[in-house]
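Accompanying notes for the structure given below.
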Amino acid sequence: MTVTATAVQAGEEREPAFISRFGKLVAVLRSATLTSNQRLVLTKLAVVLGLAAGFALSPKLWVTARFYPLVPVPLHGLPRIPFPLDYICFGVLWLLLALIAISGRPRIYIAAFVALLLFLALLDQTRWQPWVYLYLFMLIPFAGYSGRANDLRGQENLLNICRLIVGCTYFYSGLQKMNSHFAVNGFPTLLGPLASHLPMLHLWGWVVAAIEASIGIGLLTRKYRNLAVMVGVSMHCFILYTCTVVLDWNSVVWPWNVAMIAFLFTLFWKADFSFGDVVWRNGLAYQKIVLLLFGVLPFFSFFGWWDSYLSASLYSANVPLANVFVGDTVKDELPERVRRYTHKLYGNTTIVKIQDWSLGELNVPPYAAARVYRSIGADLCRYSHNSPEVVLMIQEKNTLFGNGLLYRYTCFNGLAFDLR
């Protein structure tokens, strides 16, 4: 009787102990306050580590020695970086990141890093990944910061630019998901096997999209800011769980979700600023550029006038899609490292899945734009000597004007590769 009573008493003590620890954690978060300078240091560190993790998980994206085509911006005179210079450039990016991380005044290192990264982005539009875009424009204003601990106005101006980028990203990411494709296909795909256990599945995609857009709004309000932070953290934890445990898919966005959690705390948790401070009242002219790129131009993506990936449309299930269909003769002419991403359909028709190819070789999704898909189709025409058996099918995204159109291209109609 005494032993049983002791065991019961011990069991009763365990639960309060756990609750007590959790309560202490909540209490620490509630009482935690960061100075503006501390927020800046931690935000810069999160940006640098996020970029480093992204680079580490997508090394082939940043070099020329690969089979997935480079898609340069159509500017006359752009060079093609040969091996091993491409690897040297990639190494320089890593070196500059390390110098940015350890330097108290990294202006020159940030300027060099941004210049090199933008140059590499001109040479391949696939490098315009959403996480690269976000990190890049968050890093740029650090180059203009004085670095003085007593420069409170400069610190808040810089922090508010980063807040604008993150807030707009959540807002538009939610709006982009408010479509039937995400509700019917996108959200269930993200859930994987868990989707079969969720009642009224067709409604949850709309709810999740609305919550994500609301996070962006809530972060910029005083009353709901901390609540928006906690909802955002919960959302990213769930995404990390589904992407790592349930799906084991697209590892390049795993550290991005961790970085976004860090941004929620370093930029917003118990921070004192107003909506106007973020959206307009800022002494840095760069803020107006950010407002245009992250606050205004993404709206035009709903009409098809601005790129999806520059409008927080990743995983919205409403971006341009494409695949290439080839005959058996063309398939046999493809390099083995390209053939591994082909699948037999029927008869002598084989599909080259562009998304599988990009994810398989570069560990990033293809840049979702028709011009990029046409360039990839032209590259496959090169392998086949402009064979009529190469057919590119592009499904444009749905816009407010209506459903996206389906386009068909061949090596003799829109894809011909100059073999001279």
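Where a number appears in this text, it was derived from the coordinates with a stated rule and is not lab data. What you see is a predicted model; the values in this text were computed from it and never measured. Methodologically, a virtual Cβ is constructed for each residue, glycine included, from the backbone with ideal geometry; neighbour enumeration extends over all protein chains shown.
Between Arg222 and Leu122, the modelled label-to-label distance comes to 4.6 nm, taking each label 7 Å out from Cα in the direction of the beta carbon. Counted residue by residue at 0.36 nm each, then reduced by the alpha carbon distance between them, the extension gain from Phe303 to Asn403 reaches 34.9 nm.
This structure gives P(r) over Cα pairs in 10 Å bins from 0, in percent, computed directly, and of (1) 5, 18, 20, 17, 12, 10, 9, 6, 2, 0; (2) 4, 19, 28, 25, 14, 6, 3, 1, 0, 0; (3) 4, 17, 22, 23, 20, 10, 3, 1, 0 that value is listed as (2).
If R0 equals 35 Å, the separation of the Cβ atoms of Asn250 and Glu333 corresponds to a calculated FRET efficiency of about 0.70.
When the stretch 321-410 is described by a simple charge dipole with +1 on each Lys and Arg Cβ and -1 on each Asp and Glu Cβ, the residue from Ala369, Ser387, Phe325 located farthest towards its positive end is Ala369. Treating r as the C-beta distance of Ile88 and Trp280 and R0 as 35 Å, the FRET efficiency rounds to 0.25. Cross-link check: pairs Lys60/Lys353; Lys223/Lys270; Lys353/Lys397; Lys177/Lys223; Lys60/Lys177 evaluated at a Cα-Cα cut-off of 21 Å; pairs beyond the cut-off: Lys177/Lys223; Lys60/Lys177. Please enumerate, by chain and number, the aspartates and glutamates with C-alpha under 19 Å from the C-alpha of Lys288, excluding those fewer than 8 residues away in the same chain. By straight Cα distance, Lys288 reaches Glu156, Asp277. You can think of it this way: the chain between Leu45 and Ser180 has 44.8 nm of extra reach, that is 0.36 nm per residue less the Cα-Cα gap.
Relative contact order for the chain: 17 percent, from Cα pairs under 8 Å spaced at least 6 residues apart, divided by residue count. What shape does the stretch 136-265 have by the C-alpha gyration tensor, where a ≥ b ≥ c are the square roots of the eigenvalues, rounded means a/c under 1.5, and otherwise prolate means a/b greater than b/c and oblate the rest? Because a/c hits 1.5 or more and a/b exceeds b/c, the stretch 136-265 counts as prolate.
Looking at the stretch 230-339 from every direction and averaging, what is the projected area of its Cα convex hull in nm²? Result: a mean projected hull area of 11.3 nm². Considering only Trp305, Leu345, Gly283, the residue lying farthest towards the positive end of the dipole of the stretch 264-353 is Leu345, judged by Cα position with unit charges set on Cβ. Take every pair of alpha-carbon atoms less than 8 Å apart whose residues are at least six positions apart; their mean separation over the length of the stretch 168-275 yields a relative contact order of 28 percent. As a calculated quantity, the FRET efficiency between Val73 and Tyr346 at R0 = 41 Å, using C-beta atoms, amounts to about 0.65. Ordering Asp332, Asp307 from the fewest to the most neighbouring beta carbons within 10 Å gives Asp332, Asp307. Computed over the chain, the per-residue total of -39500 (n - 2.57) for DSSP H runs of n ≥ 4 gives a 222 nm mean residue ellipticity of -16500 deg cm²/dmol, rounded to 500. Percent of C-alpha pairs per 10 Å bin in the stretch 321-410, short distances first: 17, 50, 27, 5, 0. Restricting the calculation to Cα atoms, the stretch 289-360 shows an Rg/Rh of 1.19 when the hydrodynamic-style radius is the Kirkwood one. Beta-bridge orientation, the chain: approximately 95 percent antiparallel, per DSSP, counting only bridges with both partners inside.
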